[in-house]
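The values are calculated or read from the model by the stated rules, or taken from the named source; none is laboratory data. All figures in this text were calculated on a predicted structure; none of them were measured in a lab. Note: ideal-geometry Cβ built from the backbone for every residue, glycine included; neighbour counts use all protein chains shown. Side chains included, ligands, DNA and RNA excluded: accessible areas come from the protein's heavy atoms. Shrake-Rupley method; radii C 1.70, N 1.55, O 1.52, S 1.80 Å.
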Amino acid sequence: MSSSYSNYTNSPCAACKFLRRKCTSDCVFAPYFPPEEPLKFANVHRIFGASNVSKILHEVAPHQREDAVNSLAYEAEARLKDPVYGCVGAISVLQREVLRLQRELEETNVDLMRYASCLGGETSAYGGRRG
Amino acid sequence: MDKTSNFETYGEIVIKVDMGGPGSSPCASCKLLRRRCAKECIFAPYFPPDDPHKFAIVHKVFGASNVSKMLQELPVHQRADAVNSLVFEANARVRDPVYGCVGAISYLQNQVTQLQMQLAVAQTEILCIQMQHEPTLQSHHEVFELDQDDKAHLLHSNNNSINNCNNNYNLAYAMSSGQLNSNFASPSSIIQMQMQDPLKQESLWT
């Protein structure tokens, strides 16, 4: 887990720098938005807003907050790159891929059964000749 | 996207689109925000008054002003899709506050990986059957004309090629049954992977 604890040094976290406020020792953002990653908070703030992110962080258990922040950052970045669909576009593509693979697997299994039954037929015919 | 019906699909995700304009009743967003619903209200076409939950959940996750800014930056013909995807993301985030949509991406990517492995197993089986079938017919013809040493040599080399085929089959089967767990991605690892190489969407399923 990346914990910068920048509030314990003179450097405010990226969130407090962006919001131009004092970074206190109990800043909820500080462990997850280090000052060397200003874009991460800027993106999240632009899409979700600081107060919404703060609410989400308070709702989840402390050991899950890093994952929550990273998933928010991922979604925010996806939304900025694709303002219409965000990461839902990726879900759609993956769903189509799953359907395509399921169809291909079905067809391959049908071929496999066909091969297996052909081999069974030829072997018994050959066995008859040898016998 | 199927635009001829009231349902638009993201693959298998079906989301109802309501395109009602502002009527005498304020839209769901202005009702929630307790303000007058103006004629040019940006939310009104997409948040009808009969579906208050839709705006409530988007407002909870993204905030009304952020949604308004996002919609203003888009051409009008893309706003319905944008609202629907925001609603989808907001619902996912409320259901799973830690991972939101990323949880769904992780799940689907694992499904893709599993299916690819199962496909590899099936294709390997077909290859094995083909390899067993053709050399067997030829080698049996030759066996009747060769002496014992030659027969033993041919049968030994035939068994080796079948064993190699079976080894590949066993490896592919082990991967597909999850015995080689390193191939399965967790939401955390997906996030880490994407944070290092931002949003190369093709890497999600290669």
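Across the cross-link table entries B:Lys39/B:Lys69; A:Lys55/B:Lys54; A:Lys17/A:Lys81; B:Lys31/B:Lys54; A:Lys81/B:Lys54; A:Lys81/B:Lys69, which are compared at the Cα atoms, the separations over 22 Å belong to A:Lys17/A:Lys81; A:Lys81/B:Lys54.
With only Cα atoms counted, segment A:44-123 has Rg and Dmax values of 22.9, 73 Å. Here the simple spin-label model places points 7 Å from the Cα toward Cβ, and for A:Arg100 and A:His58 these points are separated by 4.6 nm.
For peptide B:121-129, what's the mean number of Cβ atoms from other chains within 10 Å of each residue's Cβ?
Average neighbour count from other chains, rounded to a whole number: 4.
Surface listing: A:Arg65, A:Arg21, A:Arg103 arranged by accessible area from highest to lowest gives A:Arg103, A:Arg21, A:Arg65, probe 1.4 Å.
Between segment A:80-105 and segment B:82-104, the alpha-carbon centres lie 15 Å apart. Derived scalar couplings between HN and Hα for segment A:75-90 equal 5, 4, 5, 4, 5, 5, 6, 10, x, 8, 10, x, 7, 5, x, 5 Hz in order, rounded to whole Hz, by the Karplus curve 6.51 cos²θ - 1.76 cosθ + 1.60 (θ = phi - 60°), x for Gly and Pro. Sorting A:Glu59, A:Glu104, A:Glu37, B:Glu40 on solvent-accessible area from highest to lowest, probe radius 1.4 Å, gives B:Glu40, A:Glu59, A:Glu37, A:Glu104.
For a test of the definition: using alpha carbon positions, the gyration tensor, and the 1.5 limit on a/c, classify segment A:9-81 as rounded, prolate or oblate. Here segment A:9-81 falls in the oblate category.
List the accessible area buried at the contact between B and A, summed over both sides and calculated with a 1.4 Å probe, in Å² to the nearest 100.
Roughly 5200 Å².
Counts of other chain beta carbons within 10 angstrom of each beta carbon in peptide A:38-49 average 2.
Between B:Lys31 and A:Ala116, the simple label model (points 7 Å from Cα in the Cβ direction) yields a spacing of 5.8 nm. May I ask you to derive the FRET efficiency for B:His133 and B:Tyr107 from their Cβ-Cβ distance with R0 = 30 Å, giving the value to the nearest 0.05? After rounding to 0.05, the efficiency reads 0.15.
Let me confirm one metric for peptide A:59-72, namely the mean number of other chain beta-carbon atoms within 10 Å of its residues' beta-carbons.
5
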